[in-house]
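Let me begin by presenting the structure, written as structure tokens, before commenting on it.
The values are calculated or read from the model by the stated rules, or taken from the named source; none is laboratory data. Just so we're clear, the structure is a prediction, and the values are computed from it rather than from any experiment. Cβ placement follows ideal geometry from the backbone for every residue including glycine, while neighbour counts extend to all protein chains displayed. We work out accessible area using only protein heavy atoms, side chains counted, and drop any ligands, DNA or RNA first. Shrake-Rupley method; radii C 1.70, N 1.55, O 1.52, S 1.80 Å.
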Amino acid sequence: MSRARLLEGGPLAEEIRRAVAEDVASFMARRGRPPALRVVIVGRDAPSAVYLERILRGCAKVGIDAGFVELEGEATEASVVAAVRELNEDPAVDGVIVQMPLPPAIRLRAIVDAIDPAKDIDGIHPLNAGLLRLGYDGFLPATAHAAIEILRRSGIEIEGRDAVVIGRSAVVGMPAAFLLVQEDATVTVCHSRTRDLAAHVARADIVVVAAGHPGLVTGAMLKPGAVVVDVGINVVDGHIVGDVDFATAVEVASAITPVPGGVGPLTNAILLTHLIRAAERQAPTDPLATPARPVLSGGDR
Ligand code: NAD
């Protein structure tokens, strides 16, 4: 078997960024200000500071007004909620992200619930999760969106194929599974209690891995010709690796996303498209003019 085609996120992200830059210019011309993103960050440990820098730089490149609100690591849940509410109420802010992970003393649910669903560009609020579940047009979690978008933009056929998603988190695994169902794949969701992961993976035409376990999926487990989307980000011996054993998988798969350089870069670009949508939808002359529109066309499909 020849080596798999590499599904690289970088060039796709570039393409998306160019379109976003045009959308920003158009918004600016109509509204007199650029779309604005604010990131709430609680305590600055090294990984989130790097991630924050990356978002801010990505926004600056396309003309988005991006900034952050920093609370100290010992901040209370009430003060984080208050910071989020202040951004919700600010008409000059279009999108809000809360940098994860939060300190253990702060309940994720309290913060997630506080975000205005109209500004929730990373799709973590229950309203947006519900819209996705029903096939309506809400905000998708950017990573799950990127995992499926990389397949779509690479011309990978999804309809009718057997897909396995490994991971059932609210931000990656489950939304990726719902998106695959919307694309007419037959989807199995595997997780930490799945009895025979290898048996499920062996049947899959498409494998999306989002478990946070390096080496969880190896080439020997894959069906020859399978398409592999590796969402995992792990640091092993100072290097970033995914959840898939790339060296063996690349020999068996027909296409595979590298880590780094696959889903990651696309995630950041996709987030910018969500911000543009949020900005356009909240614009005062266009008060929710676009009703939530079903993504699925029929009844029972
Ligand atoms: P999570 O810890 O919330 O969820 C992990 C999921 O994997 C759980 O549902 C769990 O049941 C499942 N799992 C764990 N071990 C397993 C095993 N041995 N077999 C089968 N299933 C198993 O993590 P998350 O937030 O969903 O993130 C998943 C991975 O994606 C992490 O590596 C994270 O760093 C990465 N991630 C990447 C991006 C990106 O932009 N590429 C963004 C967010 C998260």
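From the list Gly232, Gly215, exactly one residue is at positive phi and assigned to a loop (DSSP other than H, G, I, E, B). Which is it?
One residue alone meets the criteria, Gly215.
Going by what's in this entry, would Arg44 be described as assigned to a helix (DSSP H, G or I) and of a type in the set (Lys, Arg)? Break it down into steps so the answer makes sense when it comes.
Values: assigned to a helix (DSSP H, G or I): no; of a type in the set (Lys, Arg): yes.
Against the criterion (assigned to a helix (DSSP H, G or I) and of a type in the set (Lys, Arg)), Arg44 does not qualify.
Going through region 185-212 one residue at a time, which ones are assigned to a loop (DSSP other than H, G, I, E, B) and of a type outside the set (A, V, I, L, M)?
The initial filter retains those residues of region 185-212 that are assigned to a loop (DSSP other than H, G, I, E, B), namely 185, 191-196, 203-205, 210-212.
The answer is His191, Ser192, Arg193, Thr194, Arg195, Asp196, Arg203, Asp205, Gly212.
Go through Pro258, Pro224 for me and flag whichever is in contact (Cβ under 8 Å) with a residue 24 or more places away in the chain and either within 13 Å of the ligand (Cβ to nearest atom) or in a strand (DSSP E or B) (or both). Give the derivation first.
Values: Pro224 fails: either within 13 Å of the ligand (Cβ to nearest atom) or in a strand (DSSP E or B) (or both).
Only one candidate qualifies: Pro258.
If I ask for residues that are more than 16 Å from the ligand (Cβ to nearest atom), under 16 Å from Gly95 (Cα atoms), of a type in the set (A, V, I, L, M) and open to solvent by less than 50 Å² (accessible area, probe 1.4 Å), which ones from region 114-167 would you list?
Within region 114-167, Ala114, Ile115, Ala118 qualify.
Could you tell me whether Gly32 is open to solvent by less than 40 Å² (accessible area, probe 1.4 Å) and either of a type outside the set (A, V, I, L, M, F, W, C) or farther than 29 Å from Val259 by Cβ (or both)?
No: the conditions fail for Gly32.
Would you tally the residues in region 183-218 being surrounded by fewer than 16 Cβ atoms within 10 Å (Cβ to Cβ), more than 10 Å from the ligand (Cβ to nearest atom) and charged (D, E, K, R)?
Residues meeting the conditions: 4.
To keep it simple, each residue is scored yes or no on (1) within 20 Å of the chain's Cα centre (by Cα); (2) without any contact (Cβ under 8 Å) to a residue 60 or more places away in the chain; (3) under 29 Å from Gly10 (Cβ atoms).
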| site | (1), (2), (3) |
| --- | --- |
| Ala49 | yes, yes, yes |
| Arg54 | yes, no, yes |
| Gly58 | yes, no, yes |
| Val62 | yes, no, yes |
| Asp65 | no, yes, yes |
| Leu71 | no, yes, no |
| Ala75 | no, yes, no |
| Glu89 | no, yes, no |
| Ala92 | no, yes, no |
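Using the structure shown, decide if Arg18 is in a loop (DSSP other than H, G, I, E, B) and open to solvent by 20 Å² or more (accessible area, probe 1.4 Å).
no
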